[in-house]
Amino acid sequence: MQVLIADPIKQTVLVIVPLVAALLLSLRRVTRKEAFPPDLTRELKGFAILAVVFAHVGFGLASDLRYMQPLSFMGGVAVNVFLFLSGLGLATSADKHELKPGEFYRRRFLPVLIPLWITLTALYLADRFILHQSYPLAIIAGSYAGFFPSAVLQTDLDSPLWYLTLLFSFYAAFSMLFVLAVRPLVGTTIWLYVFHGAAFPIGVIAAHLLTHVPRKPLATLVRPEIRAIIVLVCAVIAAYTAVRSDVGQWDEQIVSMVTVLSLCGLFAFLPVRFALLDLFGAFAFEIYLFHWPLMYRYDILFRVLSPAAATLAYLGVFIAGGWLLQQCSAPLIKRWTGKGA
């Protein structure tokens, strides 16, 4: 399904204005106790999932690519944000808690696999009984194992899930074995893995560097005027590199990682937090799992509302769906891993 956009610039403005207003209204003063705390990670995840959604709407749904620009430009950066934060979280956790390999994989894989299995089951059943579409058994089995060898928005069950194959590869091998053991198996998505392969190891390196930073917020380590300069510089660099992202060029990954690190600096040195981004970040993974098939194959909102109204309404639907999926997953995750979602 493709959404016809009669006035893409006007419709984009009608998304940006209320979104910026909501972000400003959600500003909260924050007192952080460490350099890269969980609430900062959630904000970055919230930013990233919004960027992914806007990219898929702008480049996958809209008949006019001008709709959602420049918000749609950040999709590739958002994937690198997720991978960077995954590497950062994995290495930080490993430094704090030494786990045996079996325990490590159980506690790392199951919190990702359980909501994935629930989502896949719902999608396969919906496709079978509503769209009367079926899939080969090998494709179904591979998807439950986290293997997604293609990323075609229009034909795959849930094309954004290519990301999970890359993530699981890093989880399983950390980074070096990924090149040797997984790269020959990734099929048509090889270019995605090449362009996003650096973010996870850079997150691991960042985690080890942060262990030498005093256990206090980065924003408190410099004087207010220096902090303001850092925030301004990071914001300018992130905005510039995001818009001029060199997509398809040899330096695309370098430019993207500059954007990621600038965003991390921007959020880390701000003495405030965006509660709205925190909210989306809390359900970012769940939203990532189901947002595309819901909009593309089971859309209702774009059929009855203007593009801007439908886009904003879907954000509310995603929060509700993310909460529901998290509630369904949490008891199983706690039972099988001994920890909450």
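The values are calculated or read from the model by the stated rules, or taken from the named source; none is laboratory data. As the structure is a computational prediction, the values presented were derived from the model and not from experiment. Here the Cβ positions follow ideal geometry from the backbone for every residue, glycine too, while neighbour counts run over all protein chains shown. The area values use the complete protein model at the heavy-atom level, side chains included, leaving out ligands, DNA and RNA. Shrake-Rupley method; radii C 1.70, N 1.55, O 1.52, S 1.80 Å.
Rundown of residues vs (1) touching a helix residue (DSSP H, G or I) at 6+ places or on another chain (Cβ under 7 Å); (2) under 25 Å from F274 (Cα atoms); (3) of a type in the set (S, T, Y); (4) modelled with pLDDT of 95 or more, yes/no style:
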site	(1), (2), (3), (4)
I49	yes, yes, no, yes
G75	yes, yes, no, no
V79	yes, yes, no, no
L88	yes, yes, no, no
A91	yes, no, no, no
R107	yes, no, no, no
L110	yes, no, no, no
W117	yes, no, no, yes
A122	no, no, no, yes
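Name the pairs whose Cβ atoms lie under 8 Å apart, with the first residue in region 58-85 and basic (K, R), the second assigned to a helix (DSSP H, G or I), and 6 or more positions between them or separate chains?
Close Cβ pairs (under 8 Å, with a partner that is assigned to a helix (DSSP H, G or I)) amount to R66/P8; R66/I9; R66/T12.
Please give the number of the condition F285 fails out of (1) open to solvent by 40 Å² or more (accessible area, probe 1.4 Å); (2) in contact with a Lys or Arg (Cβ under 9 Å, 6 or more places away or on another chain); (3) more than 16 Å from G46 (Cα to Cα).
Unmet condition: (3).
Return the residue satisfying two criteria in turn: it lies in region 234-282 and is open to solvent by less than 30 Å² (accessible area, probe 1.4 Å), aliphatic (A, V, I, L, M) and within 16 Å of the chain's Cα centre (by Cα), and of such residues it is modelled with the lowest pLDDT.
Step by step, filter region 234-282, then rank; the result is A242.
Per-residue answers, yes or no, for (1) charged (D, E, K, R); (2) open to solvent by 70 Å² or more (accessible area, probe 1.4 Å); (3) modelled with pLDDT of 95 or more:
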residue	(1), (2), (3)
L4	no, yes, no
P8	no, no, no
I16	no, no, yes
A21	no, no, yes
S26	no, no, yes
V30	no, no, no
P37	no, no, no
L40	no, no, no
K45	yes, yes, yes
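I'd like the full set of residues that are open to solvent by less than 70 Å² (accessible area, probe 1.4 Å) and among the hydroxyl-bearing types (S, T, Y), limited to region 99-143.
Matches in region 99-143: T119, T121, Y124, Y135, S143.
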